[in-house]
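Accompanying notes for the structure given below.
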Amino acid sequence: MKIKKMGVIGAGLMGRGIVEVGARAGYDVVLCASGGESLERGLTFIEASLTRAVEKGRTTAEEKKTAMGHITGTVNVEDFKDCDLVIESVNEDLELKRKIFISLDKVCPDHAILATNTSCLSVMEIASATKRPDRVLGIHFFNPVPFMKLVELVRTFTTSEETIATSRIFAESLGKTVITVTDSPGFIVVRLVMPFVLGAIRLYESGVATKEEIDQAIMLGLNYPTGPLALCDFIGLDTILSISTAMYQELRDTQYTPPVLLKRLVAAGHLGRKTNKGFYYYK
């Protein structure tokens with residue numbers, strides 16, 4: 001099967017990034033958001049991202065216009081009725097994702113592949129909500145989607161070889177490097193990075209060093225482009241909390257236990273860059 005038209009459900013940071021790379025690769029893309037305001041905000045961010053790409057010489061004004069012409073916005077899941085691939089990219093909430101996949105299974109054509117962009121939840125539990133578990137997999141992008149080259153294809157017990165092969169061709173057509181992983185909590189990258197960032201939070205929480213010193217130590221000592229606490233702000237502290245909670249519940253490994261400080265910051269609404277305050281404050 002050749003993918004010609006794709007859908008994305010969720011107009012947040014990851015969803016709109018997936019829409020952008022799909023449209024730039026020449027796919028017709030349907031973006032579905034939970035409401036008109038969310039949809040309008042998502043489309044505005046996509047256009048702004050493409051404008052920055054033009055300003056920095058990474059694309060042309062004509063290519064931007066062409067990409068935007070490939071994008072259609074909607075608030076109705078029924079508009080996925082002629083999509084060959086739909087990628088779900090909403091909050092890390094298993095029940096929410098299962099409800100979405102039940103709806104997608106009813107609306108999408110029989111041949112369509114349904115994918116989740118989850119970074120930690122069980123793809124099999126999501127797939128089991130459908131009548132096509134052989135055509136369900138994880139397609140895990142990384143943030144920011146237009147720049148990060150990696151995609152993890154997540155295979156469940158029931159994912160067919162054809163689904164994996166078609167999804168690999170699709171992801172590579174976006175300019176991504178693809179690795180295939182089994183349906184295990186956190187897959188590869190998140191499984192390894194979560195203990196690192198949670199450890200940095202605990203280090204700061206215990207008063208060993210300031211947040212600036214912790215980040216500087218990692219950047220200069222390990223030559224990382226950003227420090228772990230600044231990275232948490234970029235990802236979103238609510239997202240970090242959701243991921244760590246889900247992984248601890250699945251693995252019962254104490255290294256994934258959410259630190260108390262993380263819980264308190266999220267409760268206070270200090271979610272990182274999205275709210276202009278997290279471990280750091282932003283203008």
The rounded separation in angstrom of the Cα centers of region 157-233 and region 59-107 is 25
Net charge of Cβ neighbours under 9 Å - reference Val123; Lys, Arg +1; Asp, Glu -1: -1
From the list [x] 0.95; [y] 1.11; [z] 1.01, can you say which value of Cα Rg over 2.2 N^0.38 Å was derived from the structure given? [z]
Check cross-link reach from Lys131 to the lysines: straight Cα distance under 29 Å, and skip same-chain residues fewer than eight apart. Lys2, Lys4, Lys5, Lys81, Lys97, Lys99, Lys106
Once phi is turned into ³J(HN,Hα) by the Karplus curve 6.51 cos²θ - 1.76 cosθ + 1.60 with θ = phi - 60°, what whole-Hz value does each residue of region 34-42 show in order, with x for glycine and proline? 6, x, x, 5, 5, 5, 4, 5, x
Once neighbouring chains are kept in place and the probe is 1.4 Å, which whole percent of the accessible area of region 94-234 is contributed by carbon and sulfur? 60
Computed over the chain: relative contact order in percent, which uses C-alpha pairs under 8 Å that are six or more apart: 14
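Calculate how many DSSP beta bridges within the chain are antiparallel, expressed in % of all such bridges and rounded to the nearest 5. Before the final figure, lay out the partial values.
On the way: 5 of 31 bridges.
Approximately 15 percent, going by the DSSP bridge assignments.
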Please list, in chain and number order, the residues 5+ apart from Gly73 or on another chain whose amide H is under 5 Å from its amide H, with Hs placed from the backbone. Leu31
Measure off 7 Å from each Cα along the Cα-to-Cβ vector at Thr275 and Asn91, then give the distance between these two points in nanometres to one decimal. 1.2
According to the square roots a ≥ b ≥ c of the eigenvalues of the Cα gyration tensor, what is the shape class of region 1-82, taking rounded for a/c under 1.5, prolate for a/b larger than b/c otherwise, and oblate for the remainder? oblate
For Phe170, what is the net charge nearby, where nearby means another residue's Cβ is under 12 Å from its Cβ and Lys, Arg count +1, Asp, Glu -1? +3
Between Thr180 and Lys65, what length comes free when the chain is fully extended (0.36 nm per residue of separation minus the Cα-Cα distance, one decimal in nm)? 38.0 nm
Zone of Glu125's modelled label, taken as backbone nitrogen in region 77-111 under 11 Å from a point 7 Å along Cα→Cβ: 93-98
Find, among the trypsin sites (Lys or Arg not before Pro) in region 89-163, those assigned to loop by DSSP (not H, G, I, E, B) with at most 12 other beta-carbon atoms within 10 angstrom. Lys131, Lys149
Solvent exposure of the chain as accessible area per residue, Å², 1.4 Å probe: 48
Within 10 Å, at most 11 other Cβ atoms, and a DSSP state outside H, G, I, E, B define an exposed site. Report the longest part of the chain free of exposed chymotrypsin sites (Phe, Trp or Tyr not before Pro). 1-146
Label point distance in nm, Glu55-Leu192, each placed 7 Å from Cα along Cα→Cβ: 3.5
Helix-only CD estimate at 222 nm, as mean residue ellipticity for the chain, using -39500 (n - 2.57) per DSSP H run (n ≥ 4): -14500 deg cm²/dmol
Considering only DSSP beta bridges whose two residues both sit in region 128-240, what percent are antiparallel, to the nearest 5? 35
Where does each of Leu114, Leu192 land when they are ordered by accessible area, with a 1.4 Å probe and the largest first? Leu192, Leu114
Lys263 versus Glu205, label points 7 Å from Cα toward the beta carbon: distance in nm? 0.8
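The values are calculated or read from the model by the stated rules, or taken from the named source; none is laboratory data. Bear in mind the structure is a predicted one, so any value in this text is a computation, not a measurement. Reconstructed Cβ throughout: ideal geometry from the backbone, glycine too, with neighbour counts over all protein chains shown. Calculation scope for accessible area: heavy atoms of the full protein, side chains included, ligands and nucleic acids excluded. Shrake-Rupley method; radii C 1.70, N 1.55, O 1.52, S 1.80 Å.
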